[in-house]
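Scroll down for the structure; my scribbles are underneath it.
The values are calculated or read from the model by the stated rules, or taken from the named source; none is laboratory data. Computed from a predicted structure; not experimentally measured. Every residue, glycine as well, gets a Cβ built from its backbone with ideal geometry; the counts of neighbours run over all protein chains shown.
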Amino acid sequence: MKRFLRLYGIEQKLFFRSADVFIFNLCMPVVALFMIALIGGNKSAGENMTYLQSAFASLICVGICCCAFMSIPIVMVDYRDKKILKSFYCSPCSPAWLLGADTLCSGVMSIISAILVATVAIIGFGYRMEGNVPAFIGAWFLTMISMFSIGLMIASVCKTAKTMNVVTSLVYFPMLLFSGATIPYELFPKGLQHIADFLPLSQGIQLMKAISTGNRVEHIYGIIVLVAITVVCTAISLKTFRWE
Amino acid sequence: MSETCLEIRGLTKCYSGRRVVDDVSFSVEKGAVFGLLGHNGAGKSTTIEMILGLKKPEKGTALVFGKEVAKHKKESFEKIGVQLQSSFYQEAIRVEEVCKERTALYQNPGDYKELLQQFGLSQLEKSPVNKLSGGERQRLSVALALIGNPEIVFLDELTTGLDVAARREVWRTLKELKDSGMTIFLTTHYMEEAEKLCDRITLLKNGKILTEGTVDEVVARSPYDNLEEAYLWYMDEEVEL
């Protein structure tokens, strides 16, 4: 365990060293929060929710989205291409150590991003959660795990860095823009909302919105979808994983 | 009594019907420097990869310290150091960070600071790995292969692509390593490297062993008096100058 943590420590350092991590995970959600809060603020976004409330539950997921669909697949495919995983194979440890360490890095980054968004919302804009905070945190972690499993699946399935880049762009941008993570879902026309409902991240965000506003909606459906995604994607990524 | 570190019997590997390694057998004694020589694509790397359990042979066995590496991975790699052909590192990682990472992988690692000292890399500890010169980078990869305190090291084409000076730097490093009694398995296509370092060599062409022995024995069995000419003669590719 001590050895794993040492490995993780170094990977986390490397993780923080890349500039785009800061821009996408930390700056983007905070800037979006400022814009939405200043423009929309306490106006109603429908369904007994202000724009700030809506933005809180969605922007808190931007870090998850960036890590799951950018950091995780990019790092893993890069390490595979550079034969770093192969050199880890030629040691008493499994390459799984390295993958585990990097997934943990992404988890930590998502948490930092979420804490930052929450701090700005609470201190800067007086946000207060009406719903159950522990349930909200639970839903956030469930969303993170299930999105990470999609990222791991992409990393496993894509054979080359090129296909991985195409796939991550195809997944990342629609997920970021249309799941309601950045642009408020409530602003979408009805048709687009229906499409957005199919995005896995939307399930998490809808669940968190419902919990955070204390709305008595069917939570169970979203939870089932997220758990199912996690199970299926984890299974596929384990089945198709190649370290070389 | 000499002790066998590595024992290979009838190792064979096919890629889409083509035999890239064909019935290869040899053994390496403890403390010896063994050189596997051949052109690019002769099957050198595939042989190493089968020994290390990275690839599964169609036929034959490879035993390191009497055990198949793939079946005793954890235990074997505590005793085996590996430098793979063209090693790459994480983006923006520094020398000391690579060393610390590798140190974390072993039960009884050596002191990486001592190794860096030994390989003349101490002053580069804080440098990003991708800023190192070719020679420095290869010396680093040898140092990394030694971090776990191995009993045998596999070095795959360590000096390919290096300029003459850098190659000699690496050779000096290996010479010191050899003098310290380390068992070394290396692949190369530089004959000078084999002459300078290897106790025994094996020539590989199209996956088949052409000849083996000490450098002197191999040269003596050819009509020439140096390894480079002899090598080309064995490879059936003599070129008149």
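On the basis of being away from every other protein chain (no Cβ under 14 Å), assigned to a loop (DSSP other than H, G, I, E, B) and among the polar types (S, T, N, Q), does B:Thr173 make the cut?
Values: away from every other protein chain (no Cβ under 14 Å): yes; assigned to a loop (DSSP other than H, G, I, E, B): no; among the polar types (S, T, N, Q): yes.
So B:Thr173 fails the test.
Does B:Ala32 satisfy the condition of being under 14 Å from B:Cys5 (Cβ atoms) and either of a type in the set (S, T, N, Q) or in contact with a helix residue (DSSP H, G or I) (Cβ under 8 Å, 6 or more places away or on another chain) (or both)?
Numbers: under 14 Å from B:Cys5 (Cβ atoms): yes; either of a type in the set (S, T, N, Q) or in contact with a helix residue (DSSP H, G or I) (Cβ under 8 Å, 6 or more places away or on another chain) (or both): no.
So B:Ala32 fails the test.
Would it be correct to say that A:Lys159 is charged (D, E, K, R) and farther than 19 Å from A:Ile64 by Cβ?
On the way: charged (D, E, K, R): yes; farther than 19 Å from A:Ile64 by Cβ: yes.
So A:Lys159 passes the test.
Take the residues in region B:101-160 that are among the hydroxyl-bearing types (Ser, Thr, Tyr) and without any contact (Cβ under 8 Å) to a residue 40 or more places away in the chain; name whichever of them is nearest to B:Ile184 (Cα to Cα).
First pass over region B:101-160, keeping only residues among the hydroxyl-bearing types (Ser, Thr, Tyr): B:103, B:106, B:112, B:122, B:127, B:133, B:141, B:159-160.
Now narrow it down to the ones that are without any contact (Cβ under 8 Å) to a residue 40 or more places away in the chain: B:112, B:122, B:127, B:133, B:159.
Numbers: B:Tyr112: 19, B:Ser122: 24, B:Ser127: 28, B:Ser133: 24, B:Thr159: 15 Å.
Across region B:101-160, the extreme among qualifying residues is B:Thr159.
Quick one: count up the residues across region B:115-140 that are acidic (Asp, Glu) and at pLDDT below 90.
Narrowing region B:115-140 to residues acidic (Asp, Glu): B:125, B:136.
Then drop every residue that is not at pLDDT below 90, which leaves B:136.
Within region B:115-140, residues that are acidic (Asp, Glu) and at pLDDT below 90 number 1.
Kindly indicate the residue of region B:1-55 that is closer than 18 Å to B:Glu212 by Cβ and touching a His at 6+ places or on another chain (Cβ under 8 Å) and also surrounded by the most Cβ atoms within 10 Å (Cβ to Cβ) among those meeting that condition.
B:Leu37
If a residue must be at pLDDT below 90 and crowded, with 22+ Cβ neighbours inside 10 Å, how many such residues does region B:91-114 contain?
Adding up the residues that qualify gives 0.
So which pairs qualify, if the first residue must be in region B:84-100 and touching a residue at least 12 places away in the same chain (Cβ under 8 Å) and facing chain A (nearest Cβ under 7 Å), the second must be in a loop (DSSP other than H, G, I, E, B) and surrounded by 22 or more Cβ atoms within 10 Å (Cβ to Cβ), the Cβ gap must be under 8 Å, and the two must be at least 6 apart or on different chains?
B:Leu84/A:Cys90
Has region A:10-32 got at least one residue that is among the hydrophobic types (A, V, I, L, M, F, W, C) and within 23 Å of A:Gly131 (Cβ to Cβ)?
yes
Determine if region A:92-102 includes at least one residue that is touching a residue at least 24 places away in the same chain (Cβ under 8 Å), among the small types (Gly, Ala, Ser) and closer than 14 Å to A:Leu7 by Cα.
Within region A:92-102, one or more residues are touching a residue at least 24 places away in the same chain (Cβ under 8 Å), among the small types (Gly, Ala, Ser) and closer than 14 Å to A:Leu7 by Cα.
Find the residue count for region A:33-44, including only residues that are under 20 Å from A:Gly131 (Cα atoms) and surrounded by fewer than 20 Cβ atoms within 10 Å (Cβ to Cβ).
So the count comes out to 4.
Report, by residue number, each residue of region A:90-145 that is crowded, with 21+ Cβ neighbours inside 10 Å and within 14 Å of chain B (Cβ to nearest Cβ).
A:Cys90, A:Ser91, A:Pro95, A:Leu98, A:Leu99, A:Ala101, A:Asp102, A:Cys105
Scan (1) within 14 Å of chain B (Cβ to nearest Cβ); (2) touching a residue at least 24 places away in the same chain (Cβ under 8 Å); (3) of a type outside the set (Ser, Thr, Tyr) for the single condition A:Ala45 breaks and write down its number.
(1)
Looking at A:Gln53, A:Gln12, which is the one that is assigned to a helix (DSSP H, G or I), polar (S, T, N, Q), more than 9 Å from chain B (Cβ to nearest Cβ) and under 19 Å from A:Gly107 (Cβ atoms)? Walk me through how you get there before you give the answer.
On the way: A:Gln53 fails: under 19 Å from A:Gly107 (Cβ atoms).
It is A:Gln12.
Output the residues belonging to region A:163-194 that are hydroxyl-bearing (Ser, Thr, Tyr) and in a helix (DSSP H, G or I). Step through it out loud before you land on a result.
Going residue by residue through region A:163-194, those that are hydroxyl-bearing (Ser, Thr, Tyr) are A:163, A:168-169, A:172, A:179, A:182, A:185.
A:Thr163, A:Thr168, A:Ser169, A:Tyr172, A:Tyr185 - these are the residues of region A:163-194 that are hydroxyl-bearing (Ser, Thr, Tyr) and in a helix (DSSP H, G or I).
Quick check on region B:56-70: of everything there that is of a type outside the set (Asp, Glu) and surrounded by fewer than 16 Cβ atoms within 10 Å (Cβ to Cβ), which residue is nearest to B:Lys30 (Cα to Cα)? Spell out the reasoning first.
Filtering region B:56-70 down to residues of a type outside the set (Asp, Glu) leaves B:56-57, B:59-67, B:69-70.
Remaining after also requiring surrounded by fewer than 16 Cβ atoms within 10 Å (Cβ to Cβ): B:56, B:59, B:61, B:66-67.
Numbers: B:Lys56: 25, B:Lys59: 25, B:Thr61: 19, B:Gly66: 13, B:Lys67: 15 Å.
The qualifying residue nearest to B:Lys30 (Cα to Cα) is B:Gly66.
Yes or no, residue by residue, for (1) in contact with a Pro (Cβ under 9 Å, 6 or more places away or on another chain); (2) hydrophobic (A, V, I, L, M, F, W, C); (3) farther than 27 Å from B:Leu197 by Cα:
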{"residue": "B:Lys71", "(1), (2), (3)": "no, no, yes"}
{"residue": "B:Ala92", "(1), (2), (3)": "yes, yes, yes"}
{"residue": "B:Glu101", "(1), (2), (3)": "no, no, yes"}
{"residue": "B:Lys113", "(1), (2), (3)": "no, no, no"}
{"residue": "B:Ser122", "(1), (2), (3)": "no, no, no"}
{"residue": "B:Asn130", "(1), (2), (3)": "no, no, yes"}
{"residue": "B:Ser133", "(1), (2), (3)": "no, no, no"}
{"residue": "B:Ala145", "(1), (2), (3)": "no, yes, no"}
{"residue": "B:Ile152", "(1), (2), (3)": "no, yes, no"}
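Within region A:118-162, which residues are in a loop (DSSP other than H, G, I, E, B), farther than 17 Å from A:Lys209 by Cα and touching a helix residue (DSSP H, G or I) at 6+ places or on another chain (Cβ under 6 Å)?
A:Cys158
List pairs: first in region B:60-83 and more than 10 Å from chain A (Cβ to nearest Cβ), second among the basic types (Lys, Arg) and part of a loop (DSSP other than H, G, I, E, B), Cβ under 7 Å, 6+ apart or cross-chain?
Short answer, once both residue conditions are applied: B:Phe65/B:Lys79.
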